[in-house]
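Reviewing the structure listed below.
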Amino acid sequence: MLRAQIRDCTEATEECYAYSDGDLEPLLSNQALVFSRRADFVARRAQKPLADRLEERLKATLAAAAGHVDRSRWIYTGLPGLDTAISPFDVRREHWYNIIGGPPSGGKSSFMRQIAIENVCHREKRFAVFLLETGLMWVESAAATLARVPLNALMDGVAPADMISRYKTEFLALKDISERRLFVFEDIYFVEDIERKTRELDRTLRERALAGAAAISDPTERAVAESAAHGLDGVVVDYLQIVSTRQQFRGHREQMIAHVSSTLKRLFKSLNIAGFVGAQINRTSREEGKAPSLSALRESGSIEQDADSVIFVHTPATTRTGAEQNSNHSVDEVEVVQRKRRNGVKDVAHLVLFTKAQTRYEEPEGSASVVRPGAPKPAQGYRRSGGGG
């Protein structure tokens, strides 16, 4: 907080030097008000006793029970039937560290990208994305997903004019959003860099929201805006096993992955944001062809323990030929299998369709969620949930 105040004071001083309207009093008064309200707000949050927080939680729970559910921090997958089956991700229910598992080139990156663009483009959430690939390719793929256009057709020069027009529209929209709600960081190799950049960005966005709230003249509306002010809504890290650390573990890879995993969990929890982290499954699970279990995660011990939810993107064995399976124009039937969810359901599989050329997930008509074979018996009253709910 002190560093933030020093930075704000420096910026305010520079603004004063650049001020050309003569009377500095209005500018100085406004800056002082912003600083004061921000400091008071942060102090109240930091020093609020447990009893007060329990009272707030009780009010929120009773309001939800009465039908007044606060969905402002919910994160959606963009697949209504899946959201109904597993429930949206909610930091109030401690869904901070969410693992998306799958084999190499199995669609986990596309699934996380679809979560990000659903919430950024359609729900005005703020997301940070950390990649080891180029950010340009990520944004291009996102635009193709939104436009329902095969990206390769564009790059090969065989796309019709209507596809080109749709793609251009979505790409320019993403470019505009990237300056306000979508922040893509490329070539990030160390978890320490992910933590530093996430904290800096979250603090900047939070302070921006508080400054906007401070400008509201009505005290009641200002108090509501200040209480709702926050920074990031979500973070995507693609993917866990290629993130390293500057700490030395002398060849003990499992210890290094455990350190990276626990660092990400603490980061998301401390900032109260939903993190989505890709993770590869081990070779044995890929060869078996069955829906993965928690133990399928490579270096799985610490990941299982840290994760608040674990979801696998699983393509069941089919009768298609190898050429069909590898075709970039195929539409695969994919099971999204939730094996773990803190304060939620587990061992639920939901059928979706994955169009490779558009890197897009959609729900077939009549899609339903089922308990996976071998999973614990569902509670009484369990029912299949239809798609599009």
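Every number here is computed from the coordinates shown, using simple stated rules; none is lab data. This structure is a prediction, so every number in the text was calculated from the model and none was measured. So basically every Cβ, Gly included, is an ideal-geometry build from the backbone, and we count neighbours across all protein chains shown.
Determine one quarter of the surface area of the Cα convex hull of segment 71-371, which equals its mean projected area, and express it in nm² to one decimal.
Working: hull surface 69.0 nm².
Projected area, direction-averaged: 17.3 nm².
Here r is the Cβ-Cβ distance between Asp176 and Glu56 and R0 is 30 Å; the resulting FRET efficiency, rounded to 0.05, is 0.25. Remark: relative contact order (segment 71-371) = 26 percent; criterion is Cα-Cα distance under 8 angstrom and separation of 6 or more residues. In a DSSP loop and with at most 16 other Cβ atoms within 10 Å, the trypsin sites (Lys or Arg not before Pro) in segment 133-241 are Arg148, Arg180.
Residue separation of Asp156 and Ser227 scaled by 0.36 nm, minus their Cα-Cα distance, works out to 20.5 nm of gained length.
Taking the Cα centre of each part, how many Å lie between segment 181-229 and segment 69-114? Taking the Cα centre of segment 69-114 as reference, the centre of segment 181-229 is 21 Å away.
May I ask you to list the chymotrypsin sites (Phe, Trp or Tyr not before Pro) in segment 153-242 that are in a DSSP loop and have at most 15 other Cβ atoms within 10 Å of their Cβ? Can you show the working numbers first?
Values: sites: Tyr167, Phe171, Phe183, Phe185, Tyr189, Phe190, Tyr239; in loops: Tyr189, Tyr239.
Listed in order of number, the matching sites are Tyr189.
Trypsin sites (Lys or Arg not before Pro), restricted to segment 64-93: which are DSSP loop and have at most 13 other Cβ atoms within 10 Å?
Working: sites: Arg71, Arg73, Arg92, Arg93; in loops: Arg71, Arg73.
Taking segment 64-93 and a limit of 13 other Cβ atoms within 10 Å, the loop trypsin sites (Lys or Arg not before Pro) found are Arg71.
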